[in-house]
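The values are calculated or read from the model by the stated rules, or taken from the named source; none is laboratory data. Keep in mind that this is a model prediction, so the values were computed, not measured. Don't worry about glycine lacking a Cβ; one is built from the backbone with ideal geometry, like all the others, and counts go over all protein chains shown.
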Amino acid sequence: MGKQMTSALHGFFPRTMRGQFMVVILVAIVLVVVIGDWIDVFKRYMGIEDIDLANSKASTMALLLQKVPIDERSNLIEWSGGAGMPLEMIPTVSLANRTAPEASFPSVRWIVARLFPADNPLSAGGRQVMLDGLPALVFPLDGNMSVVFKDMPDTVVTSDVVGPLSYYVLAFVILLGLFSAYASRALTEPLASITNRLKEVEGDYLAPVFEERGTVELIALARALNEMQARIKKLIDIRTRLLRNVSHDLRTPLTRVRLRIERLSQEGSESILSDLDHIDALIQDTLDYMSSAVNTEKLERTDIASLLQTICNEYSDIGKAVAYEGPDKLIGTCKSLALTRAVSNLCDNGIKFAENVTVHLTHHGSHIWIDVSDDGQGIAPGLRDLVLEPFFKADPARKALGIRSGFGLGLSIVAEIVEDHKGKLSLSDNHPRGLIVRIEIPAIA
């Protein structure tokens, strides 16, 4: 029964934000009316004065006093006092000494009088004053005498103030509370869920972005994000399959050509084999770049010092001058395979253009710095941003050193890996010569 009731309520509740806004406003109006009735009962129980009623009574008595003969005024004043409306006739000239100046901005009485004016203005020439420090009404009787109505309700706690003010505050509080609860549940929570889910994906294009629930607008947003992700995944899959097929179709004839050349005489075969190695390296660079774009490796705690020492030892084993400097052990959070590829690419570039390469590891606060430095020609400052772009090649430096030109993907792969680690890649001059490439990644991701 409870589930049927809940299902019926969900079916009745609007699915669009516009409809839900209207429901929130309607509920707020109902609550204001219901709670406002309770406030009216509370005002009557507390005996809060109605200033409009008091003004009406005072104006009526003043009109009577102005119309009756002078000798009957004392009787009328006596009867009024017995009825709960104390009156006093005083000379008009004495009012100046007993009344305070009219309230002015920014006093509370001035603000209240402007925000909550009486519904029925005073008649018979009456005005409100502060007589002997208390609120009172003064009406002229003739040129010499005035009648004063004392014990008037304080303008700050009358029904004209407490009633409207309570409704204003009540309406504001109820609307604020309802819209805050609605925004938190129907807007903020789903949007935050989408944002957190997108952050958790981390290149896993197979994972769904967000469960399609909530208002019509949020469901449409989640569906659009899921469809966009599916299209991205499809495009990446097509591109990856294409490159793999091309690499396979290229490497198969290259392998046959290599075998045939090796059977020939040594004269001239070394240069041909070198060309084949270069073509094979270009294919591998392209595949490495594509695999870095779809890397789904997860972050994990790793001994980065041990990882870098292993890389340097592998280069040393084949006779390359690559040295490690830094602590024997440094635990950090990284994608070990991707970081290995990045550092290896930097070392490959270093040994192409320099005689000595050094990998230096340091821990700076919340970040880990990996500096790969060499003593080669370096890179001009104007080209340092460009060399991080895919397919950019600093050909003059390569030709001067007799180095074959690649596709220009080595540093691009490094830049993508560092960005995937939420890190920073920078290039600077080494002294007295050479280049320093710094990888800066968070120690704890």
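Would you confirm whether or not the stretch 354-363 contains a residue that is surrounded by 17 or more Cβ atoms within 10 Å (Cβ to Cβ), touching a His at 6+ places or on another chain (Cβ under 6 Å) and not basic (Lys, Arg)? Among the residues of the stretch 354-363, not one is surrounded by 17 or more Cβ atoms within 10 Å (Cβ to Cβ), touching a His at 6+ places or on another chain (Cβ under 6 Å) and not basic (Lys, Arg), which makes the answer no. Pairs linking a residue in the stretch 93-106 that is under 21 Å from Val147 (Cα atoms) and at pLDDT 75 or above to a residue that is surrounded by 10 or more Cβ atoms within 10 Å (Cβ to Cβ) and of a type outside the set (A, V, I, L, M, F, W, C), with Cβ atoms under 7 Å and 6 or more positions apart or on different chains, are Leu95/Ser146; Arg98/Asp132. Against the definition (in a helix (DSSP H, G or I), modelled with pLDDT of 70 or more and not assigned by TED's automatic domain parsing to the domain that holds Val414), how does Leu259 come out, yes or no? In short, yes. The single condition among (1) part of a loop (DSSP other than H, G, I, E, B); (2) closer than 25 Å to Lys298 by Cβ; (3) modelled with pLDDT under 70 that Glu267 does not satisfy is (2).
Taking the criterion of being among the hydrophobic types (A, V, I, L, M, F, W, C) and more than 60 Å from the chain's Cα centre (by Cα), the residues of the stretch 57-83 that qualify are Met61, Ala62, Leu63, Leu64, Leu65, Val68, Ile70, Leu76, Ile77, Trp79, Ala83. Looking across the stretch 391-423, the residues that are at pLDDT 65 or above and loosely packed, with under 15 Cβ neighbours inside 10 Å come down to Glu419, Lys422.
Scan the stretch 158-176 and give yes if some residue there is assigned to a loop (DSSP other than H, G, I, E, B) and either among the polar types (S, T, N, Q) or modelled with pLDDT of 75 or more (or both), otherwise no. Checking the stretch 158-176: at least one residue is assigned to a loop (DSSP other than H, G, I, E, B) and either among the polar types (S, T, N, Q) or modelled with pLDDT of 75 or more (or both). Hey, any hits in the stretch 8-25 for a residue that's modelled with pLDDT under 75, surrounded by 10 or more Cβ atoms within 10 Å (Cβ to Cβ) and out of contact with any helix residue (DSSP H, G or I) (no Cβ under 8 Å at 6 or more places or on another chain)? Yes, the conditions are met somewhere in the stretch 8-25.
Against the numbered list (1) in contact with a helix residue (DSSP H, G or I) (Cβ under 9 Å, 6 or more places away or on another chain); (2) under 20 Å from Ile436 (Cα atoms); (3) modelled with pLDDT of 85 or more, Gly350 comes up short only at (1).
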